[in-house]
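Before any comments, here is the structure.
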Number of protein chains: 2
Amino acid sequence: MNALRRGFDNEEYATRTEAAQAKMAEAGMAGILLTTEPDVRYFTGFHTLFWQSPTRPWFLFIPAAGKPIAIIPEIGADLMRRTWITDIRTWSAPAPQDDGVGLLTDLLSTYAGRGETIGLMKGHETHLRMPLGDYERLIAGLKGLAIVDATDIVRSLRMVKSEAEIEKLSHICAIGSRTFARVPEFAHQGKPLEDVFRAFRREGLAQGADDVPYLVGGADKGGYHDVISPPSRRPLARGDILMLDSGANWDGYFCDFDRNWAIGNADDASRRAYDVLWRATEAGIAAACPGATCRDLFHAMQKVIAELDDQGGDVGRLGHGLGMQLTEWPSHTNWDSTELTENMVLTLEPSLGYGDGRIMVHEENIVVRAGGAELLTERAAPELPTI
Amino acid sequence: MNALRRGFDNEEYATRTEAAQAKMAEAGMAGILLTTEPDVRYFTGFHTLFWQSPTRPWFLFIPAAGKPIAIIPEIGADLMRRTWITDIRTWSAPAPQDDGVGLLTDLLSTYAGRGETIGLMKGHETHLRMPLGDYERLIAGLKGLAIVDATDIVRSLRMVKSEAEIEKLSHICAIGSRTFARVPEFAHQGKPLEDVFRAFRREGLAQGADDVPYLVGGADKGGYHDVISPPSRRPLARGDILMLDSGANWDGYFCDFDRNWAIGNADDASRRAYDVLWRATEAGIAAACPGATCRDLFHAMQKVIAELDDQGGDVGRLGHGLGMQLTEWPSHTNWDSTELTENMVLTLEPSLGYGDGRIMVHEENIVVRAGGAELLTERAAPELPTI
């Protein structure tokens with residue numbers, strides 16, 4: 001099942017680092033400080049669920065040349081030594097009085113002394129994963145250091161996937177597709193939605209996912225009303241429209257797509273909504289060529305959606321990037337002019353409102369190739385399937 | 001299986017809010033701004049996995065009196081309206097040009113104009129979940145507003161659980177205990193550790209967990225060497241010591257404990273290490289009375305651990321708080337003088353190094369009651385069990 005190799009060759013991390021350093025040189029940055037799991041993993045291969053504990057901060061510094069430097073809790077030293085990183089500086093964490101701030105100050109004071117500029121992730125869809133008080137103390141002790149936003153650099157690298165990354169994404173999308181194919185076997189009239197969720201997660205694991213951390217959905221007569229709630233104990237009933245939207249992962253890479261079903265029978269309004277979204281997705285697939293922009297993708301889908309709903313709905317966008325995170329840059333919206341390039345991995349996620357406050361969402365995952373979009377997910381049925 | 005009711009009565013959220021407001025009054029804070037999932041959920045009951053997407057920020061403001069105010073993406077409005085919150089201000093997110101900053105500025109400018117003070121989570125084990133650039137722009141537009149650290153207030157509330165919270169924690173710990181009891185049925189010689197992990201997650205779901213997001217562990221001949229790695233494809237072999245450490249959750253509350261087994265036969269050094277850790281845990285259980293400090297707990301366990309290992313190891317502490325997060329304040333360390341009070345829920349997590357770079361960890365979950373510690377987990381066997 002998992003013949004695909006985990007991790008990447010060291011060469012891949014070196015390539016990523018050198019690409020960042022080339023962009024840093026252009027931008028006049030002497031280094032970039034990273035604090036989040038996907039950013040640290042992207043440049044090192046350091047992969048652990050330990051980040052789920054909010055207790056300890058972890059840092060990676062990318063200098064202008066050479067390998068990144070890890071500044072991490074001692075508990076992670078053994079695992080970090082197994083990556084390509086060689087300069088690993090540790091402290092015994094947790095240590096509220098100095099949770100890495102002293103080590104960061106040692107590292108960065110040289111840059112501060114020279115009045116240099118370093119980058120930090122400050123932009124859209126980012127956050128600083130360390131206590132704000134520690135950050136304020138850190139920069140207060142680094143007079144002369146200029147700190148600028150490095151989001152554009154990291155974003156531009158991470159948005160375009162390597163072939164090895166696309167293999168992993170293709171693998172987890174296939175696992176997701178096999179899992180969705182089994183849903184009619186365990187989602188039936190009388191089964192509480194909560195139990196459907198549990199069965200879906202178990203099936204995803206059985207199909208080879210490392211985990212199914214994200215699972216949302218809805219089910220209600222003639223259509224569901226929100227797409228972010230936890231499942232209720234309400235049993236599925238004839239006439240329900242059921243939607244499951246899942247982010248499963250394998251080796252740290254995510255799929256993110258959904259499927260809709262009618263339970264017993266489908267009402268006309270829901271069949272019509274499904275048809276519109278299916279065709280909107282087709283329009284998105286056709287539009288996802290190198291050179292097009294996210295705005296183009298948005299309009300291609302929105303034009304079809306407008307047959308039923310010209311309001312736009314609550315979701316705020318019609319898809320996004322996909323990779324080490326469930327959602328990544330870019331966003332298929334009217335304001336995102338990111339140009340699609342080969343090897344971007346994206347979701348297409350048209351949604352609409354219909355009837356009396358009902359909504360429907362549909363989602364596929366694609367990779368942009370020279371000749372256009374290639375589906376990573378097994379395409380949803382063209383008509384609303386009935387269980 | 002899940003006869004226990006999900007969520008809490010509105011009264012519980014009102015009580016939490018009023019407790020925060022009393023402490024805010026003492027500290028001279030006119031409000032507290034919260035940005036993370038557990039903090040927002042603690043005061044509202046707003047519960048969704050949608051936080052897993054890093055794309056959208058979510059905000060909750062607790063004023064000096066009255067209900068909290070939600071400033072959230074429109075996609076969450078329907079779910080938030082089902083909580084006790086009534087003042088819900090939304091925007092269509094994502095919107096990089098103004099992802100809530102305008103709404104926050106509208107809300108906070110009154111406070112700024114009066115030169116008031118508001119609190120933000122800046123302390124240990126916290127982070128600010130919004131783009132740093134947005135935060136910098138926000139405060140630059142709020143001249144006159146003093147921003148101080150609110151960690152002590154939120155920490156002091158969240159550390160002490162209500163009976164309704166303890167019921168949920170007890171429920172998930174029981175699910176965890178039943179799951180660990182099944183491990184000998186699916187962890188055996190020849191089975192790759194990765195498949196043991198997958199089977200454990202599936203069993204946890206079958207036993208009633210909503211999810212098993214955290215699972216780490218190790219297995220190696222005569223003892224494992226690290227406790228944070230993802231599982232390898234190496235098959236379990238006779239003489240291995242296997243450890244699984246899991247954080248499963250139910251209705252947003254976590255268990256966090258581990259178990260050790262010998263595969264086929266146990267070497268003497270590992271049996272001895274296990275015995276020391278089991279007795280260290282006993283000492284921790286005996287010491288966990290109201291009035292004792294985390295430092296006392298640490299020393300009670302460390303005194304036993306020192307029979308084998310006086311170095312302290314890499315973990316950095318011997319347990320921590322438990323609740324809506326896998327790890328919460330306080331920490332059982334030499335530097336944490338937090339006084340234990342009734343209804344704190346804690347992990348006891350002694351660890352030691354032995355032999356040639358091997359480590360062993362052991363963990364139980366307890367609630368502190370007037371008469372001392374009550375176990376929430378089914379106590380581990382006093383001798384290293386063999387599969």
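Nothing in this text is a laboratory measurement; each read-out follows from the coordinates by a stated rule. All figures in this text were calculated on a predicted structure; none of them were measured in a lab. Neighbour counts run over all protein chains shown; Cβ positions are idealised from the backbone, glycine included.
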- Message: Quick check for me: using +1 on Lys/Arg Cβ and -1 on Asp/Glu Cβ, what's the dipole size of the stretch B:1-90 about its Cα centre, in debye to the nearest 20?
- Response: 180
- Message: Let me check against my output: what whole-number percent is the relative contact order of the stretch B:134-256, with C-alpha pairs under 8 Å and at least 6 apart?
- Response: 26
- Note on the structure: Cross-link reach from B:LYS221 to lysines, straight Cα distance under 20 Å and at least 8 residues apart if same chain, gives B:LYS191
- Would you work out the charge dipole size for the stretch B:220-286 about its Cα centre, treating the Cβ of every Lys and Arg as +1 and the Cβ of every Asp and Glu as -1, and quote it to the nearest 20 debye? 320
- Item | Base-10 log of normalised Debye intensity for the protein assembly as shown (one unit scatterer per alpha-carbon) at q = 0.08 Å⁻¹ | -0.66
- Message: Test of understanding: in a Gaussian network model of chain B with alpha carbons linked when under 10 Å, which of B:ASN249, B:ASN265, B:ASN343 would top the mean-square fluctuation ranking?
- Response: B:ASN265
- Using the Cβ atoms and a cut-off under 13 Å, what net charge is assigned to the surroundings of A:PHE186, where Lys and Arg are +1 and Asp and Glu are -1? +1
- Tabulate in residue order the Karplus-calculated ³J(HN,Hα) for the stretch A:31-48, using 6.51 cos²θ - 1.76 cosθ + 1.60 with θ = phi - 60°, rounded to whole Hz; enter x for Gly and Pro. x, 10, 9, 10, 9, 9, 4, x, 5, 5, 5, 4, 9, 10, x, 5, 10, 8
- Reduced to Cα centres, the span from the stretch B:254-328 to the stretch A:311-387 in Å works out to 47
- Query: What average count of beta carbons from other chains do you get within 10 Å of the Cβ of residues in A:70-78?
  - Reply: 4
- Query: So what is Rg over Rh here for chain B, counting just Cα atoms and using Kirkwood for Rh?
  - Reply: 1.01
- Message: So if I restrict to the alpha-carbon atoms in the stretch B:10-158, what is the Rg, and what is Dmax, the biggest pairwise distance, in Å?
- Response: 14.2, 38
- Return the long-range amide H neighbours of B:MET121 (sequence gap of 5 or more, or a different chain), with a cut-off of under 5 Å between placed amide H atoms. B:ALA150
- Message: I need the inter-copy label distances for B:GLY371: point set 7 Å along Cα to C-beta, values in nm with one decimal, smallest first.
- Response: 7.5
- Message: With an 8 Å Cα cut-off and a minimum separation of 6 or more residues, compute the relative contact order for the stretch A:10-158 in percent.
- Response: 25
- Note on the structure: Sorting from shortest, the nanometre distances separating the label point of B:HIS225 (7 Å past Cα along the line to Cβ) from those of the same residue in the other copies are 5.7
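Per residue of A:44-54, what is the mean number of Cβ atoms on other protein chains within 10 angstrom of that residue's Cβ?
5
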- Note on the structure: Cα-based Rg then Dmax for the stretch B:30-111, in Å, read 11.8, 33
- Item | Sequence of A:HIS188, A:HIS47, A:HIS362 once ranked by neighbouring C-beta atoms within 10 Å, starting from the fewest | A:HIS188, A:HIS47, A:HIS362
- Other-copy label distances relative to A:PRO382, 7 angstrom Cα-Cβ extension, nm: 7.1
- Item | Residues B:PHE61, B:PHE180 arranged by fewest to most Cβ contacts within 10 Å | B:PHE61, B:PHE180
- Mind checking which lysines have their Cα closer than 19 Å to the Cα of A:LYS168? Skip sequence neighbours fewer than 8 apart in that chain. none
- Net charge near B:TRP335, counting Lys/Arg +1 and Asp/Glu -1 over other residues with Cβ under 12 Å of its Cβ? -1
- Message: With 10 angstrom as the radius, rank B:THR110, A:THR55 by how many other C-beta atoms surround their C-beta, starting from the fewest.
- Response: B:THR110, A:THR55
- What number, rounded to the nearest 500 deg cm²/dmol, is the helix-based mean residue ellipticity at 222 nm of the protein assembly as shown, given -39500 (n - 2.57) per DSSP H run of at least four residues and division by all its residues? -10500 deg cm²/dmol
- Message: Relative to 2.2 N^0.38 Å, what does the C-alpha radius of gyration of the stretch B:99-251 come to as a ratio? Two decimals please.
- Response: 1.56
- Task: For chain A, set up a Gaussian network in which alpha carbons nearer than 10 Å are linked by springs, and say which option among A:LEU138, A:LEU120, A:LEU169 fluctuates the most.
- Result: A:LEU138
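Only four residue types carry charge here, +1 at the Cβ of Lys and Arg and -1 at the Cβ of Asp and Glu. Report the dipole size of chain A about the Cα centre in Debye, rounded to the nearest 20.
The calculation lands at about 600 debye.
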- Query: Where Lys and Arg each count +1 and Asp and Glu each count -1, what net charge lies around A:VAL101 among other residues with Cβ under 11 Å from its Cβ?
  - Reply: -4
- Task: Using a 10 angstrom cutoff on alpha carbons, build the Gaussian network for chain A and name the most mobile of A:SER337, A:SER156, A:SER53.
- Result: A:SER53
- Value of relative contact order over chain A, rounded to a whole percent, pairs C-alpha under 8 Å and six or more apart: 13
